[in-house]
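K.L.:
Please find one structure pasted underneath; my questions will follow.
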Amino acid sequence: MTGATLRLVLGDQLSPTISSLRDSHLGNDTVLIAEVMSEATYVRHHKKKIAFLFSAMRHFAEELRQAGHRVIYVRLDDADNTGSLYGEVSRHADMMRADRIVVTEPGEWRLKADMEGWAVRLARPVDILEDDRFLCSHVEFRRWAANRKELRMEFFYREMRRRHDILMDAAGKPEGGRWNFDSDNRRSLRGHEAIPRRPDMIMDAVTRQVIDLVERVFAQHFGDIEPFDFAVTSIEAERLMEWFFRHALPYFGDYQDAMQQGAPFLFHSLLSPYLNCGLLDPRELCRRAETEWRKGRAPLNAVEGFIRQILGWREFIRGVYWLEMPGYARSNALAATRPLPWFYWSGQTAMNCIAQVVGETRRNAYAHHIQRLMVTGNFALLAGIAPAEVEAWYLAVYADAYDWVELPNTHGMALFADGGRLASKPYAASGKYIQRMSDYCRPCRYDVKQTLGSTACPFNALYWDFLSRNADRLGRNPRLAMPYRNLARMPASQRQAISLKAAEILASLDDSDRGSHPAPAEQMPLLLAGNDQADMT
Ligand SMILES: Cc1cc2nc3c(=O)[nH]c(=O)nc-3n(C[C@H](O)[C@H](O)[C@H](O)COP(=O)(O)OP(=O)(O)OC[C@H]3O[C@@H](n4cnc5c(N)ncnc54)[C@H](O)[C@@H]3O)c2cc1C
Ligand code: SF4
């Protein structure tokens, strides 16, 4: 028999088949799961995110016990809790005289770098195993990326489809004759379909206890904790997955890019928190989605679109993270340096689109992709907000946010701070895009058709000013040829007026950011005045 092994399981590793548990010796080894202050507070995570993860961790520990594992579970308020992962590993390794530590690699460069120093500090071997819950390993991604100047998801995705034989026909060609049905997936909703009601989740005593703890300890963190409607076990998460396949997947493709006031979820799956913490398995999700199409229960554009998000985007984003870190986070290709406006936290702005998205984010710890990319992300891009500030916000406010997935999405996709390593052009858009894809503009105090004047939509002047400001960096990008041609056609006087308008908007952002707490509504400049339309409870 080998000596005792301490097996550390992190909060986003709640999968019974995770590599760190695979060769576990039930009678001899101990599993350690710990709620620690350092991880809960290095950004001020949304209250719902902390409650979701602590409750899921507590349930998972109980499942492991039922399966015969010896489990040490450290609660946040345990008197001896040292407050850090290293502290807990060190304490328990000493107590049980562990010969070695086994852990699956974390999803964050910061923590992995720290863990790589543990063996010396603990004077014991620390085996950091690969996280093979993903469909593309680090080696495979590195091989794919080698010698490519630009990394493009579409080519990676095709290779993943072939390698994993997903949505392929007998002749090895993509089903439906095309790899990608994205051009079919851009409908705005405008009352076309009834949005299905999500199933209610029943809160048990464990979750109730965690909610009380979070309310007590993290009262200053962003977000509403109730109503709490997250699944906290794999069985519940699978129930939500089945609900999605049955009620929302058939419409997922058509309305993937749509936004609607008062309808935060539309036909999205809301499965990312469960995928990212291990309660659901990405392989299983892709296979199940494919079955829905093969059985004629969902159209190909929906199923291909959904599979592309998981097999394509999710794996690609992770590959980029581990390939490019740590330098990736430090790049700032568009030299963006403005502080994050406080309305990202308060939601108090007359820009209805932002007020809606921030309000929903506060209530649900969720916003769907187009809200993240084309509303809050787009505004931060156009206004030149410092990438690190925007990234800290996204990492804090969403229940599915972990560095490996949040960072490339924000830094590369939303902010173009990597200069195009990940995306072929910045996702910059004027108010016209938001108007086309949503109903936010109708009740907004601003006029989406205006670029100049006191009631003009701020996105418009900021958009043209963004192009103008970054002409040296972006002007030769072939995918931006059309907007740059349009900019060049504008009379000099109009360009000057736009630049003055943009400067006025940006100055009002700077004014608003002087204090860390919201100013009373009556003292706010027009751009930042409280929005009567927004539900900001
Ligand atoms: C600025 C910004 C920040 C983001 N931060 C995160 C984050 O912290 N965590 C996160 O999981 N996703 C992030 N995304 C990607 C995407 O917005 C979310 O995965 C998605 O909104 C989750 O909601 P859903 O489960 O309803 O997704 P659906 O629309 O139902 O999509 C299905 C699944 O595909 C996966 N997926 C879709 N797009 C992406 C993507 N771009 N990258 C990775 N996975 C994807 C998710 O696992 C998702 O559950 C971010 C996107 C942007 C633009
Ligand atoms: S008018 Fe402009 S600020 Fe108002 S909702 Fe539309 S895009 Fe947003």
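K.L.:
Of the conditions (1) open to solvent by less than 50 Å² (accessible area, probe 1.4 Å); (2) assigned to a loop (DSSP other than H, G, I, E, B); (3) not basic (Lys, Arg), Ile50 clears all except one; give me its number.
P.N.:
Result: Ile50 fails condition (2) only.
K.L.:
Related question: Given the residues Val303, Val320, which is the only one that is buried (at least 22 other Cβ atoms within 10 Å of the Cβ), over 26 Å from Gln435 (Cα atoms), at pLDDT 95 or above and more than 11 Å from ligand 1 (Cβ to nearest atom)?
P.N.:
Val303
K.L.:
Tell me whether the range 241-257 contains one or more residues that are closer than 16 Å to Leu14 by Cβ and either at pLDDT 95 or above or crowded, with 21+ Cβ neighbours inside 10 Å (or both).
P.N.:
Looking for residues that are closer than 16 Å to Leu14 by Cβ and either at pLDDT 95 or above or crowded, with 21+ Cβ neighbours inside 10 Å (or both), one finds at least one in the range 241-257, hence yes.
K.L.:
Suppose the filter is open to solvent by 20 Å² or more (accessible area, probe 1.4 Å), of a type in the set (Phe, Trp, Tyr) and either modelled with pLDDT of 95 or more or within 15 Å of ligand 1 (Cβ to nearest atom) (or both); does Trp404 pass it?
P.N.:
The answer is no for Trp404.
K.L.:
Give me the residue from the range 241-267 that is aromatic (Phe, Trp, Tyr) and near ligand 1 (Cβ under 10 Å from one of its atoms) and, out of that set, nearest to Ile195 (Cα to Cα).
P.N.:
Top of the filtered list is Phe267.
K.L.:
How many residues does the range 12-47 hold that are farther than 19 Å from Tyr366 by Cα, part of a loop (DSSP other than H, G, I, E, B) and open to solvent by 20 Å² or more (accessible area, probe 1.4 Å)?
P.N.:
Residues flagged as farther than 19 Å from Tyr366 by Cα, part of a loop (DSSP other than H, G, I, E, B) and open to solvent by 20 Å² or more (accessible area, probe 1.4 Å) within the range 12-47 amount to 10.
K.L.:
What is the residue count in the range 230-239 for residues that are open to solvent by less than 80 Å² (accessible area, probe 1.4 Å) and either of a type in the set (A, V, I, L, M) or farther than 11 Å from Ala51 by Cα (or both)?
P.N.:
6
K.L.:
Moving on to the next point. List the pairs whose first member sits in the range 261-277 and is closer than 24 Å to Ile434 by Cα and among the aromatic types (Phe, Trp, Tyr), whose second member is more than 16 Å from ligand 2 (Cβ to nearest atom) and open to solvent by 20 Å² or more (accessible area, probe 1.4 Å), and whose Cβ atoms are under 7 Å apart, counting only residues at least 6 apart or on separate chains?
P.N.:
Correct list of pairs: Phe265/Arg198; Phe267/Tyr251.
K.L.:
Going residue by residue through the range 341-358, is there one that turns out to be out of contact with any Cys (no Cβ under 8 Å at 6 or more places or on another chain) and within 13 Å of ligand 1 (Cβ to nearest atom)?
P.N.:
Looking through the range 341-358, at least one residue is out of contact with any Cys (no Cβ under 8 Å at 6 or more places or on another chain) and within 13 Å of ligand 1 (Cβ to nearest atom).
K.L.:
Still on this structure: Listed residues Ser468, Ser430; which is small (Gly, Ala, Ser) and within 13 Å of ligand 2 (Cβ to nearest atom)?
P.N.:
Being small (Gly, Ala, Ser) and within 13 Å of ligand 2 (Cβ to nearest atom) holds for just one of Ser468, Ser430, which is Ser430.
K.L.:
While we're on this one: Take the range 474-483 and flag every residue that is part of a helix (DSSP H, G or I) and small (Gly, Ala, Ser).
P.N.:
The answer is Ala481, and nothing else.
K.L.:
Scan the range 359-413 for residues that are outside any helix (DSSP H, G or I) and of a type in the set (A, V, I, L, M, F, W, C) and jot them down.
P.N.:
Selection gives Ala365, Ala367, Ile385, Ala386, Ala399, Ala401.
K.L.:
Looking at Leu271, Leu275, which one is open to solvent by less than 10 Å² (accessible area, probe 1.4 Å) and modelled with pLDDT of 95 or more?
P.N.:
The unique qualifying residue is Leu271.
K.L.:
For the range 142-153, which positions are without any contact (Cβ under 8 Å) to a residue 40 or more places away in the chain and in a helix (DSSP H, G or I)?
P.N.:
Once the filter is applied, which keeps residues that are without any contact (Cβ under 8 Å) to a residue 40 or more places away in the chain and in a helix (DSSP H, G or I), the range 142-153 yields only Arg143.
K.L.:
Now for a different question. Which ones in the range 77-117 are in contact with a Phe, Trp or Tyr (Cβ under 7 Å, 6 or more places away or on another chain) and within 21 Å of Ser55 (Cβ to Cβ)?
P.N.:
Matches in the range 77-117: Gly107 only.
K.L.:
Can I ask one more? Among the residues of the range 407-417, is there at least one that is open to solvent by 10 Å² or more (accessible area, probe 1.4 Å), closer than 24 Å to Asn364 by Cα and either within 16 Å of ligand 2 (Cβ to nearest atom) or not aliphatic (A, V, I, L, M) (or both)?
P.N.:
yes
Each row is one residue, and each column tells you yes or no for (1) aromatic (Phe, Trp, Tyr); (2) within 16 Å of ligand 1 (Cβ to nearest atom); (3) surrounded by 15 or more Cβ atoms within 10 Å (Cβ to Cβ); (4) not in a helix (DSSP H, G or I).
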| position | (1), (2), (3), (4) |
| --- | --- |
| Lys425 | no, yes, no, yes |
| Ala428 | no, yes, yes, yes |
| Ile434 | no, yes, yes, no |
| Thr451 | no, no, yes, yes |
| Phe459 | yes, no, yes, no |
| Asp472 | no, no, no, no |
| Arg485 | no, no, no, no |
| Gln496 | no, no, no, no |
| Leu500 | no, no, no, no |
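K.L.:
Residues to consider are Arg58, Arg133, Arg75; find the one that is at pLDDT 95 or above, among the basic types (Lys, Arg), open to solvent by less than 30 Å² (accessible area, probe 1.4 Å) and within 28 Å of the chain's Cα centre (by Cα).
P.N.:
Arg58
K.L.:
Identify, by number, the condition in (1) free of Cβ contacts under 8 Å to residues at least 40 places away in the same chain; (2) in contact with a strand residue (DSSP E or B) (Cβ under 8 Å, 6 or more places away or on another chain) that Arg338 doesn't meet.
P.N.:
That leaves (1) as the condition not met.
K.L.:
Follow-up. Restricting to the range 196-222, name every residue that is touching a residue at least 40 places away in the same chain (Cβ under 8 Å) and assigned to a loop (DSSP other than H, G, I, E, B).
P.N.:
Selection gives Pro196, Arg198, Pro199, Phe218, Gln220, His221, Phe222.
K.L.:
Only residues that are more than 20 Å from Met96 (Cβ to Cβ) and in a helix (DSSP H, G or I): list them for the range 121-140, please.
P.N.:
His138, Val139, Glu140
K.L.:
Count, please, the residues in the range 268-284 that happen to be of a type in the set (A, V, I, L, M, F, W, C) and within 8 Å of ligand 1 (Cβ to nearest atom).
P.N.:
3
The values are calculated or read from the model by the stated rules, or taken from the named source; none is laboratory data. Values in this document were obtained by computation on a predicted structure and should not be read as measured data. Cβ atoms come from the backbone with ideal geometry, glycine included; neighbour counts cover every protein chain shown. SASA here: full protein model, heavy atoms, side chains in, ligands and nucleic acids out. Shrake-Rupley method; radii C 1.70, N 1.55, O 1.52, S 1.80 Å.
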